[in-house]
Amino acid sequence: MSLLSHRLTRNHILASLPDVEYDRLRANLEHLQLAQGTLLHIAGNHIRSVYFPLSGMISLLSTTQEGKAVEVGMIGNEGVLGISAVLGIHIAPYQSVVQIPCSALRIRADKLKAEFDRGGRLHQLLLSYTHTLLTQISQSVCCNCYHTVEARLCRWLLISHDRAQTDILQLTQEFLPRTSVTAIAGKLQNAGLIRYKRGKIELLDRQRLEAVSCECYKIIRDEMSNYFAA
């Protein structure tokens, strides 16, 4: 049986659809394997495709004209990449890059918007997810401005762990300076919270990581819990 011929359960939005809505989408879904570093959307370009991650994680990067970037959002199998096109805004606000290798389903933005405009369960789920994503983005901005590098790294690790559902994470540098990451990761490793080697981080003590992280992680986690319960 092919991946698309039965009800998917690994993406929250697709798994929550009534059969009739999922069946209308199914013929337009394309299964992809996406390697780390794959560029999916470029800020300022037209959004032609929307992605439903089944595993892994996608980063949303806010960029400057000089090419500097900061991570403002992370998308895993709880959500969807390209939500603005469904809401009628077809220009990508962020650069979207595969952070942790993904299995994903791709659909043309116009096909998804047609189903969204029917006003069914998909409509409700995508609006709820938009609120959740905006909460994450706004909290990331606050965190980047006011919290320590150590707290921010712990927040990133915890959110990545929630999205990717793996204890071993490949660390990239879009969200923190390399020298700061190396120093703080070494400190967390000495404390027994993580194991760090050649850009890979293994989580060893999640409970203590939550204690070191700032309150931003809890705010984002609680908002996600409300989204799943809706």
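The values are calculated or read from the model by the stated rules, or taken from the named source; none is laboratory data. Every value quoted in this text rests on a predicted model; they were computed, and no experiment measured them. Please note: Cβ atoms are built from the backbone with ideal geometry, for glycine as well, and neighbour counts cover all protein chains shown. Accessible surface areas use protein heavy atoms only, side chains included; no ligands, DNA or RNA. Shrake-Rupley method; radii C 1.70, N 1.55, O 1.52, S 1.80 Å.
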Give the number of residues within the range 79-99 that are surrounded by fewer than 24 Cβ atoms within 10 Å (Cβ to Cβ) and under 11 Å from the mean Cα position of the chain (by Cα).
3
Could you figure out which of (1) surrounded by fewer than 16 Cβ atoms within 10 Å (Cβ to Cβ); (2) under 21 Å from the mean Cα position of the chain (by Cα) isn't true of Gly119?
(2)
I'd like to check something: does the range 5-14 contain any residue that is within 26 Å of Ser225 (Cβ to Cβ), in contact (Cβ under 8 Å) with a residue 40 or more places away in the chain and among the basic types (Lys, Arg)?
yes
When Tyr51 is evaluated against the numbered criteria (1) open to solvent by 50 Å² or more (accessible area, probe 1.4 Å); (2) in contact with a Gly (Cβ under 8 Å, 6 or more places away or on another chain), which criterion, by number, is the only one it fails?
(1)
Could you check the range 8-61 and list, in sequence order, the residues that are of a type in the set (A, V, I, L, M), in contact with a helix residue (DSSP H, G or I) (Cβ under 8 Å, 6 or more places away or on another chain) and within 20 Å of Thr130 (Cα to Cα)?
Ile13, Leu14, Leu17, Leu25, Ile47, Val50, Met57, Leu60
May I ask you to say which residue of Leu176, Leu193 is at pLDDT 90 or above and over 27 Å from Ile13 (Cα atoms)?
Leu193
Turns out the strands (runs of 3 or more DSSP E) fully within the range 55-143 with at least 1 residues that are under 20 Å from Phe228 (Cβ atoms) are 57-63, 69-75, 102-108
Open to solvent by less than 60 Å² (accessible area, probe 1.4 Å) and either more than 25 Å from Arg221 (Cβ to Cβ) or in contact with a Gly (Cβ under 6 Å, 6 or more places away or on another chain) (or both): which single residue out of Gly76, Gly37 fits that description?
Gly37
Taking the options Ile168, Ile220, name whichever one is within 19 Å of the chain's Cα centre (by Cα) and surrounded by fewer than 17 Cβ atoms within 10 Å (Cβ to Cβ).
Ile168
Can you say whether Ala151 is over 20 Å from Ile100 (Cα atoms) and open to solvent by 50 Å² or more (accessible area, probe 1.4 Å), as far as the supplied structure shows?
no
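Just to be sure I understand, how many residues within the range 16-30 are touching a Lys or Arg at 6+ places or on another chain (Cβ under 8 Å), surrounded by fewer than 18 Cβ atoms within 10 Å (Cβ to Cβ) and in contact (Cβ under 8 Å) with a residue 40 or more places away in the chain?
Taking the range 16-30 and keeping what is touching a Lys or Arg at 6+ places or on another chain (Cβ under 8 Å), we get 16-19, 21-22, 25, 28-30.
From what is left, the residues that are surrounded by fewer than 18 Cβ atoms within 10 Å (Cβ to Cβ) are 16, 18-19, 28, 30.
With the extra rule that they be in contact (Cβ under 8 Å) with a residue 40 or more places away in the chain, the set shrinks to 16, 18, 28, 30.
Residues in the range 16-30 being touching a Lys or Arg at 6+ places or on another chain (Cβ under 8 Å), surrounded by fewer than 18 Cβ atoms within 10 Å (Cβ to Cβ) and in contact (Cβ under 8 Å) with a residue 40 or more places away in the chain: 4 in total.
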